[in-house]
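So the structure is just underneath, and the comments pick up after that.
Where a number appears in this text, it was derived from the coordinates with a stated rule and is not lab data. Fair warning: this is a prediction, and the values are worked out from it, not measured in the lab. Cβ: placed from backbone, ideal geometry, glycine included. Neighbour counts: every protein chain shown.
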Amino acid sequence: MANAAARTQDKKAKRNRFTALMLTGFVCGMVGLAFASVPLYRLFCQITGYGGTPRIAEVPLAAPTENAPKIKVRFDANVNAALPWRFRPGQREITVPLGEQTLTHYTARNVSETSVVGTATFNVTPYKAAPYFAKIECFCFTEQRLEPGKEMSMPVAFFVDPAILEDPNTQEVTTITLSYTFFPADENGDAIENAASMDGEHPAVEIQAAALTPGAR
């Protein structure tokens, strides 16, 4: 009788240990997934244009024709309240031929007394146009450091894929808005994670002169 009770207790102890190991593995897996989800989500968005994320390309697929249709591109600039920067587009809007590589600039200024590193999130509206908006060069690909009181001009090279006119869902699009939001960067990349969790929203964001004309200060 005592042996049977001992065996029963031993089986219960083994089941408990197995359950504990399973739960521990599950928790560790969820933590790992949480850390991996943000970069994987961003990569997915950059490839597909999901959530208004522009594609990343090396060069336009083909040179635009002489009478290529044109589209208007507007530029928007935002700064998270925690980042002591002034950030603005060099141009409010431009009209570009479809398929033509275009270069524009944004300007950022550190208004604090310490060196600050910022990182930019970005999206395109309307969201359905994002797969056809391709960036070749962008300051948002890397973190940006600004010394106290310093100002920096940051280039953006892009093109709009002519295939936008072949998609029934985007044929009526005549204006695309490219929007950036700068956040303070830290060693853990919390700014990017927090921004990704907003899913396109910008709480606590301070609008910084998105409608300035070229050369305005």
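Each residue in Val173, Val111, Val116 was given a count of other beta-carbon atoms within 10 angstrom of its own, and listing them fewest first yields Val111, Val173, Val116. Taking the fewest neighbouring Cβ atoms within 10 Å as the starting point, the ordered list for Lys135, Lys150, Lys70 is Lys150, Lys70, Lys135.
The value of relative contact order for the stretch 106-148, using C-alpha pairs under 8 Å at least six residues apart, is 62 percent. Among the GluC sites (Glu not before Pro) within the stretch 67-161, those in coil by DSSP and having at most 11 neighbouring Cβ atoms inside 10 Å are Glu113. Sorted ascending by nearby beta carbons within 10 Å, beginning with the fewest, Thr104, Thr175, Thr121, Thr114 become Thr114, Thr175, Thr104, Thr121.
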